[in-house]
Amino acid sequence: VGQLREVSNKVHNAELKLFLEVERGPDLRPIAPPEKTKEDILLFFKLYDPEKEELRYVGRLFVKSTGKPMEYLPKLNEMAGYAPDEEIDLYEEIKFEPSVMCEPIEKRCTFRASQLEDGDIICFQKSTPIEGVGKFRYPEVPSFLDYVHNRQVVHFRSLEKPKEDDFCLEMSKLYTYDDVVERVAQQLGLDDPSKIRLTSHNCYSQQPKPQPIKYRGVDHLSDMLIHYNQTSDVLYYEVLDIPLPELQCLKTLKVAFHHATKDEVSVHTIRLPKQSTVGDVINDLKTKVELSQPDAELRLLEVFYHKIYKIFPLNEKIENINDQYWTLRAEEIPEEEKNLGPHDRLIHVYHFTKETAQNQMQIQNFGEPFFLVIHEGETLQEIKVRIQRKLQVPDEEFAKWKFAFLSLGRPEYLQDTDIVSSRFQRRDVYGAWEQYLGLEHSDSAPKRAYAANQNRHTYEKPVKIYN
């Protein structure tokens, strides 16, 4: 008892479970257990049924260490309810964690020669003829134990509804990539498993990971479920309109097209080979949008948090363009920008408000940034007229707006008589994104969610999404 107490105290819950067995005679009355000698070995037996895929405990026996398993086969058949001469196979269940070890037992060797000791577990089953192996998923004990050890119930969610379980499937952690997508396709009634795209689960954010799993990009289901040192039981799926291997050879971009004359934004999905250029994107987009005139030229901008960071050169390859965090905006190039004079400037114009946090003034940008051509000697008053016309702001509202030159977040408020071009002395055509003409006013326009990508930009124009 003292030894048992020491063992139980070593485990975290200090709980020790003991199972009591009563030996009964032929008349079912309790009798004293047999005297155990040094030659006796206590073995426990489990019976496996490959048809039911069931492994259950059927009893225990004291055997002689010098005895052979074949001497006890009639007794085992009796335990199982089989005929006394039924052919059976025996396996030793050596361990289950961290990996399964289950070895066949030679029936003609002694228990001692097979290194069997007190407390060992022997699993047995009817001998399976070679022609019958294909009838069962797990025809033998070792394959069944491997299945149980690697069994994993996976909760599948549509990527469009990442908070809701759509269905659950029981799988093996050893399933290959192909095994997994085939089971999902079967569940969804889809003929082509290659149109399934899977995304792993982030255990910390409880959201899908940003990047999906590439076609055959992992070896096994276990690789799909691992996240650092944690294991998830959630996978997200999409049903694509083309096979994933074909899609991976293409670059998919979501581009927001701002119409030149209509007050609307349309979002388009562009798919092109990865070696395509920005010029190819623009040519493809021209076939999908309504232009103000047939020969209108377009440009592609990189917008982030209501600032324009880049105008993409037409010859830039699209393979490394990231539209997951940056908004890609396409627009027509105004005629006045095509014929800049030597003293003209193309400046950034952003909307902003001022906020105070912890006794510090902070600039908060919002709305749609844009470019504006300013001329040498042009006053703020003259520029304000053009801005009001461009944005179509009513006089009463526009009178409340303030105008400032901002460099690195510091506003310098301008008077109507100030020469704006004197503030923008940089010689590069588009200037720095942190040097801009700021329009200070309240952000009162109703915002509409804009789904060109996964970030939280909002746009005030009506949005149409085309996929």
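Structure notes:
- Residue in the range 396-405 that is aromatic (Phe, Trp, Tyr), closer than 20 Å to Ser442 by Cα and assigned to a helix (DSSP H, G or I) present: yes
- Qualifying residue in the range 339-350 (condition: more than 16 Å from Asp443 (Cβ to Cβ), β-branched (Val, Ile, Thr) and loosely packed, with under 14 Cβ neighbours inside 10 Å): no
- Tally, over the range 112-144, of residues that are closer than 12 Å to Tyr91 by Cβ, touching a residue at least 60 places away in the same chain (Cβ under 8 Å) and out of contact with any Phe, Trp or Tyr (no Cβ under 7 Å at 6 or more places or on another chain): 3
- Any hit, the range 107-117, residues being of a type in the set (Gly, Ala, Ser) and modelled with pLDDT of 95 or more: yes
- Residue within the range 74-82 that is of a type in the set (Phe, Trp, Tyr), in contact with a Cys (Cβ under 6 Å, 6 or more places away or on another chain) and modelled with pLDDT of 95 or more present: no
- Subset of the range 187-215 (residues that are out of contact with any Pro (no Cβ under 8 Å at 6 or more places or on another chain) and farther than 25 Å from Tyr228 by Cα): Gln187, Leu188, Gly189, Leu190, Asp191, Pro193
- All conditions but one from (1) of a type outside the set (Lys, Arg); (2) modelled with pLDDT of 90 or more; (3) surrounded by fewer than 16 Cβ atoms within 10 Å (Cβ to Cβ); (4) within 30 Å of Leu247 (Cβ to Cβ) apply to Tyr325; the one that does not is (2).
- Among the residues listed as Val218, Val180, the single one being assigned to a helix (DSSP H, G or I) and buried (at least 17 other Cβ atoms within 10 Å of the Cβ): Val180
- Asn365 meets each of the listed conditions (1) more than 23 Å from Thr287 (Cα to Cα); (2) modelled with pLDDT of 90 or more; (3) not in a strand (DSSP E or B); (4) not basic (Lys, Arg) apart from (3).
- Restricted to the range 221-269, and to residues there that are outside any loop (DSSP other than H, G, I, E, B) and of a type in the set (Gly, Ala, Ser), the residue that is surrounded by the fewest Cβ atoms within 10 Å (Cβ to Cβ) is Ser222.
- Matching entry among Glu378, Glu335, Glu368 (being touching a strand residue (DSSP E or B) at 6+ places or on another chain (Cβ under 8 Å), charged (D, E, K, R) and without any contact (Cβ under 8 Å) to a residue 60 or more places away in the chain): Glu378
- Among the candidates Leu43, Leu16, residue that is surrounded by 14 or more Cβ atoms within 10 Å (Cβ to Cβ) and touching a Leu at 6+ places or on another chain (Cβ under 8 Å): Leu43
- Single residue of the range 398-413 satisfying the filter (out of contact with any Gly (no Cβ under 9 Å at 6 or more places or on another chain) and in contact (Cβ under 8 Å) with a residue 24 or more places away in the chain) that is nearest to Met361 (Cα to Cα): Gly409
- Selection status of Phe62, surrounded by fewer than 17 Cβ atoms within 10 Å (Cβ to Cβ) and either within 19 Å of Glu21 (Cα to Cα) or hydroxyl-bearing (Ser, Thr, Tyr) (or both): yes
- Within the range 96-114, the set of residues being over 26 Å from Tyr147 (Cα atoms) and not small (Gly, Ala, Ser) comprises Arg108, Cys109, Thr110, Phe111, Arg112.
- In the condition set (1) among the β-branched types (Val, Ile, Thr); (2) without any contact (Cβ under 8 Å) to a residue 12 or more places away in the chain; (3) within 25 Å of Pro369 (Cβ to Cβ), Thr287 is compliant with all but (3).
- Here Leu225 passes the criteria (1) without any contact (Cβ under 8 Å) to a residue 60 or more places away in the chain; (2) among the hydrophobic types (A, V, I, L, M, F, W, C); (3) out of contact with any Pro (no Cβ under 8 Å at 6 or more places or on another chain) except the one numbered (1).
- Assessment of the range 154-171 against the conditions (within 30 Å of Phe62 (Cβ to Cβ) and touching a residue at least 60 places away in the same chain (Cβ under 8 Å)) yields no matching residue.
- Unmet criterion (only one of (1) basic (Lys, Arg); (2) crowded, with 17+ Cβ neighbours inside 10 Å; (3) under 28 Å from Tyr177 (Cα atoms)) for Arg299: (3)
The values are calculated or read from the model by the stated rules, or taken from the named source; none is laboratory data. Given the structure is predicted, the values throughout are model-derived calculations rather than measurements. All Cβ positions, even for glycine, are placed from backbone atoms using ideal geometry, and neighbour counts span all protein chains on display.
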